[in-house]
Structure formats: structure tokens, C-alpha cells
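Derivation of every value follows stated rules applied to the coordinates shown; laboratory data play no part. Quick caveat, the model's predicted, so the values are computed rather than measured. We place every Cβ from the backbone using ideal geometry, glycine too, and count neighbours over all the protein chains shown.
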Amino acid sequence: MTTHVSLVTGAGRGIGHEVCRQLADLGHSVILTARSMPDAERAARKLRAHGAGVHPLRLDVTDTRSIAEAAAEVGERFGRLDVLVNNAAITYDIGQRAATADLHVVREAAETNLYGPWRSVQAFLPLLRLSDHARIVNVSSEAASLTNMGGGTPAYTASKTALNALTRMLAAELRNDDILVNAVCPGWVATDMGGPGGRPVADGAAGIVWAATLPDSGPTGGFFRDRRPLPW
């Protein structure tokens, strides 16, 4: 198998879109997903203009049926999956505090930020097991570090902390399948969610691409930013 098949969720713009570009530049067959097919096609066209090998696909991580249909299509078209990047995320709730948080907002964030990656892993795991070098990358945040955690952004922080816990569990359970599972913080990046003033999107995406392309001897069950470990 000479061409890696990589799928990125939430790739219509921002970090996910840049991860697709960087993986395509490395020669991967990249499956760019977004919540609607028009959004996926539009984003893929932008990358194809640069010669990138990118395939658009509709995938809504909050919709079990959408994920199942996407997994079936990937299986039919490619026969396996080598890399799953769980990037889709919502709700950086700066204005909230844990003591007074709107729990509807917290549940909504968890549907995308935690259950979305969880659903995606479960659906794509049979295809990942057909790879000789499968990688799962969960895009997290240093805000999820219990070591350094303070107050604020409770919906986002709690959902990403739970995603880190899921990363650890999956890494332990899938170790014997030779599937490497890691969490990566891209840092504060200048995207629609991150807002102005952050680091370039390409810099944030680079650490995710590193985790997606680790050698077989690479780490699993880790939490990283810029290839360096972060405290849990």
C-alpha cells in the first residue's frame, strides 16, 4: 500500500482544511469532509487548484447515519482507512463560567467535540484495522489539561478534557492492533473559532500532520503540541 488514505472531519475551513492540504502535499489520498456536500466540494476545489489529491465527502459528526454512510462510501471507494483526524469542533464559550453555565450549550458542545469523534472512531475502526499503519488523531486543546486548568469556557473545556480521556482509553485498547492514537493541541490559531491574533493556521496544522504520519515506533496515548508532550 503506497498511498495513504486519510480522512479529516470538519475540514471545510480553518485547521481541518489546512491539514488536508498538508497531507495531500505528502502524497496522501485525502478525504475532506464537511457537514454538507456543497461545503465539502467547495473546500476541495480550493485545494485541487493547487494540484492536491482531495476527495469531498459529506460527514456530520453529530449524525450517526451520516457517519455510517460516509464509512460505507470510504470502504467501497478505498477499501481501508489509514488516518482518521477528528478535527470537527464547536463552541468556544468565552462568556460562560462553570458555576452558571447553560447546560444546553455544554451538551451541544459534547455532541460535536466528544461524541462526534467517538462515533467516528467506532464507525471507521473496521477500515482502520485493514491498514498496516493506522493513526487516529484527536484535535484537542491545552485548555483540556487538568494540570493547568482554570475557570472559563466550560462547554469547550469539559468536552475536550473528555476527548483526552477517550484518547487514552482508545490508545490502550487499540495498542495490540498497532493503531496509534494521540491528542494534539494546535495552539491558539487564527481561525473563525480562534479569532484574530493567533498563530498561522499552517503552524497549528503541522503538529496534527506530524501525529497523523508517525512511524510505527511512534508514541501512542500522548498529548502534544508542536511535537512536544503536554501535561495531562
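Quick notes
- Modelled this way, with points 7 Å down the Cα-to-C-beta line, the labels at ASN176 and ASP132 are 2.3 nm from one another.
- Separation of the ASP216 and THR147 label points, Cα + 7 Å toward Cβ, nm: 3.1 nm
- DSSP beta bridge pairing in the chain, given as percent antiparallel to the nearest 5: 10 percent
- Put simply, the amide H of HIS55, placed in the peptide plane, has neighbours under 5 Å in VAL30, ILE31, LEU32, leaving out anything fewer than 5 places away on its chain.
- Average Cα contact separation per residue, the stretch 5-229, under 8 Å, 6 or more apart, as relative contact order %: 20 percent
- Structure-derived Cα extents along the principal axes in Å - corresponding label in [x] 70, 59, 30; [y] 72, 50, 25; [z] 50, 39, 33: [z]
- Expressed in Å, the radius of gyration and Dmax of the Cα atoms of the stretch 72-140 are 15.7, 48.
- Cβ-based exposure ranking for ARG35, ARG227, ARG199, in which fewest neighbours within 10 Å come first: ARG227, ARG199, ARG35
- Ranked LYS46, LYS160, criterion: other C-beta atoms within 10 Å, fewest first: LYS46, LYS160
- Size of charge dipole - the stretch 122-232 - debye, nearest 20, with Cβ of Lys, Arg +1 and Asp, Glu -1, no other charges: 200 debye
- Of the residues PHE78, PHE124, the one with the fewest other Cβ atoms within 10 Å heads the list, and the complete ranking is PHE78, PHE124.
- Under the Karplus curve 6.51 cos²θ - 1.76 cosθ + 1.60, θ = phi - 60°, whole-Hz ³J(HN,Hα) for the stretch 17-33, x wherever Gly or Pro sits: 4, 5, 4, 4, 4, 5, 5, 5, 5, 7, x, 6, 7, 9, 9, 8, 10
- In degrees, nearest ten, helix 154-174 long axis to first principal axis of the chain (Cα): 40 degrees
- Per-residue Karplus couplings for the stretch 178-185, computed as 6.51 cos²θ - 1.76 cosθ + 1.60 with θ equal to phi - 60°, are listed in order as 6, 9, 8, 10, 9, 9, 10, 9 Hz, Gly and Pro entered as x.
- For the stretch 110-126, 3J(HN,Hα) computed residue by residue from phi via the Karplus equation (6.51, -1.76, 1.60; θ = phi - 60°) reads 5, 4, 8, 7, 10, 5, x, x, 5, 4, 5, 4, 4, 6, 8, 4, x Hz, glycine and proline entered as x.
- Principal axis dimensions, largest first and in whole angstrom, of the stretch 30-91 by Cα: 33, 33, 19
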